[in-house]
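A short worksheet on the structure shown next.
The values are calculated or read from the model by the stated rules, or taken from the named source; none is laboratory data. The model shown is predicted, which means the values in this text are computed figures rather than measured ones. So basically every Cβ, Gly included, is an ideal-geometry build from the backbone, and we count neighbours across all protein chains shown. These accessible areas exclude ligands, DNA and RNA; they are computed on the full protein's heavy atoms, side chains included. Shrake-Rupley method; radii C 1.70, N 1.55, O 1.52, S 1.80 Å.
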Amino acid sequence: MGAFMAAATSGATIVPIALRGTRSVLRAGQWLPRRGVVQIVVGAPIAGEGSDWVAAARLRDRSRAAILSACGEPDLEDRRAPG
């Protein structure tokens, strides 16, 4: 949250950057990467909407959503059990 709070209070924009294809190159439980294509996706800048903690949290959530949509991976947050 620190980076998002700093961006919110300073009025800076966040540029979301996603790495796409990394999970197929380095699979869980493996030490060595496999050959594959990894793409860097640079998203559109996201401007903050305020300078308080709530504004920083919104900036975090919007950044996370942009990265998630660009990386091509499932949202692991949705898989966690509530509680």
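Looking only at residues of the range 1-45 that are in a strand (DSSP E or B) and of a type outside the set (A, V, I, L, M, F, W, C), we find that the one that is surrounded by the fewest Cβ atoms within 10 Å (Cβ to Cβ) is Q39. Of all the criteria given as (1) open to solvent by less than 50 Å² (accessible area, probe 1.4 Å); (2) in contact with a strand residue (DSSP E or B) (Cβ under 7 Å, 6 or more places away or on another chain), the one not satisfied by D75 is (2). Residue pairs whose Cβ atoms lie under 7 Å apart, separated by 6 or more positions or on different chains, with the first residue in the range 31-45 and under 22 Å from V15 (Cα atoms) and the second in a loop (DSSP other than H, G, I, E, B) and not small (G, A, S), are V42/V15; G43/V15; G43/P16; P45/T13; P45/V15. Take the residues in the range 46-73 that are touching a helix residue (DSSP H, G or I) at 6+ places or on another chain (Cβ under 8 Å) and part of a loop (DSSP other than H, G, I, E, B), then tell me which one is modelled with the lowest pLDDT. Of everything passing the filter in the range 46-73, E73 is modelled with the lowest pLDDT. Open to solvent by 50 Å² or more (accessible area, probe 1.4 Å) and in contact with an Asp or Glu (Cβ under 7 Å, 6 or more places away or on another chain): does that describe R58? Against the criterion (open to solvent by 50 Å² or more (accessible area, probe 1.4 Å) and in contact with an Asp or Glu (Cβ under 7 Å, 6 or more places away or on another chain)), R58 qualifies.
Taking G48, is it surrounded by 14 or more Cβ atoms within 10 Å (Cβ to Cβ) and of a type outside the set (F, W, Y)? The answer is yes for G48.
Comparison of A70, A8, A66, A56 shows that the only residue that is in contact with a Pro (Cβ under 6 Å, 6 or more places away or on another chain) and touching a residue at least 40 places away in the same chain (Cβ under 8 Å) is A66.
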